[in-house]
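Below: one structure, written as structure tokens.
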Amino acid sequence: MTRIGFDIAMLAAAIEPCVRLVACARAAGIPVIFTRYVYREDFADGGILVHALMPQLKQERALVAGSWDAEIVEELAPRPGDIVIEKNRPSSFHATELKSMLAQSGVEHLAICGVTTNCCVESTVRDASQHDILPLIIADATAELEQARHEAALKTMGLLFGRLVTVAEIGAAWT
């Protein structure tokens, strides 16, 4: 995302807490689901984000399937048995198999972490809530490009859409 003018330095802060969260989930036998934002080579699946709001994504060929920036960071590399869902919108529920997968498993709570707090995380949290799945927003395992937006998103999500928790709190609950 640096190619299109975003300073992603603040996003790195979410990696280590996400690593700890995933380790806690695996130790507790809780399924781990990763999502990755990825576009087709021709960007036909880009929607208004690519074609109207941020055409530089297409110009810079950002997040194309198979490119480095569409991959999950090395520290969080999925393991056998983990689920990886590809998405082309901020919400992990939009046009993916996530909702049906969770429904088939009887999931009632969903721990959500990652980047960016006010876009992908918040969109997924809102959709989970609308599907009556209680989102547990792992506040210290999320990050945003700007601190003010990060704080505002957490405040909104915690007020209306889910519960704010920390990696330590969820880890303790899972053991």
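Of all the criteria given as (1) surrounded by 14 or more Cβ atoms within 10 Å (Cβ to Cβ); (2) of a type outside the set (Val, Ile, Thr); (3) farther than 23 Å from residue 6 by Cα, the one not satisfied by residue 160 is (1).
So that you can scan it fast, the table gives a plain yes or no per residue for (1) buried (at least 16 other Cβ atoms within 10 Å of the Cβ); (2) in contact (Cβ under 8 Å) with a residue 12 or more places away in the chain; (3) aromatic (Phe, Trp, Tyr):
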| position | (1), (2), (3) |
| --- | --- |
| 23 | no, no, no |
| 27 | no, yes, no |
| 32 | yes, yes, no |
| 35 | yes, yes, no |
| 40 | no, yes, no |
| 78 | no, yes, no |
| 83 | no, yes, no |
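Within segment 148-168, the set of residues being touching a strand residue (DSSP E or B) at 6+ places or on another chain (Cβ under 7 Å) and in a helix (DSSP H, G or I) comprises 150, 154, 157, 158, 167. For segment 87-101, filtered to residues that are surrounded by 15 or more Cβ atoms within 10 Å (Cβ to Cβ) and of a type outside the set (Ser, Thr, Tyr), the residue that is farthest from residue 135 (Cα to Cα) is 88. For segment 26-47, a residue qualifies if it is farther than 30 Å from residue 109 by Cα and either part of a helix (DSSP H, G or I) or within 21 Å of the chain's Cα centre (by Cα) (or both), and the qualifying residues are 40, 43. Within segment 128-147, if we keep just the residues that are in a loop (DSSP other than H, G, I, E, B) and charged (D, E, K, R), the residue that is surrounded by the fewest Cβ atoms within 10 Å (Cβ to Cβ) turns out to be 132. A Cβ distance below 7 Å, combined with a sequence gap of six or more or placement on separate chains, defines the contacts here; from segment 131-149, residues that are without any contact (Cβ under 8 Å) to a residue 40 or more places away in the chain reach residues that are among the acidic types (Asp, Glu) in the pairs 133/108; 134/108. Looking only at residues in segment 48-70 that are outside any helix (DSSP H, G or I) and either in contact (Cβ under 8 Å) with a residue 40 or more places away in the chain or at positive phi (or both), the one that is surrounded by the fewest Cβ atoms within 10 Å (Cβ to Cβ) is 66. All conditions in (1) touching a strand residue (DSSP E or B) at 6+ places or on another chain (Cβ under 7 Å); (2) among the small types (Gly, Ala, Ser); (3) more than 25 Å from residue 53 (Cβ to Cβ); (4) assigned to a helix (DSSP H, G or I) hold for residue 103, with the sole exception of (1).
Residue 125 meets all of the listed conditions (1) over 19 Å from residue 20 (Cβ atoms); (2) surrounded by fewer than 20 Cβ atoms within 10 Å (Cβ to Cβ); (3) in contact (Cβ under 8 Å) with a residue 24 or more places away in the chain but one, namely (2).
Selection of segment 76-100 for residues being under 16 Å from the mean Cα position of the chain (by Cα), in a loop (DSSP other than H, G, I, E, B) and closer than 17 Å to residue 22 by Cα yields 77, 78, 82.
Laboratory data are not the source of any read-out in this text; all were calculated from the coordinates shown. None of these values were measured; they are calculated from a predicted model. Cβ: placed from backbone, ideal geometry, glycine included. Neighbour counts: every protein chain shown.
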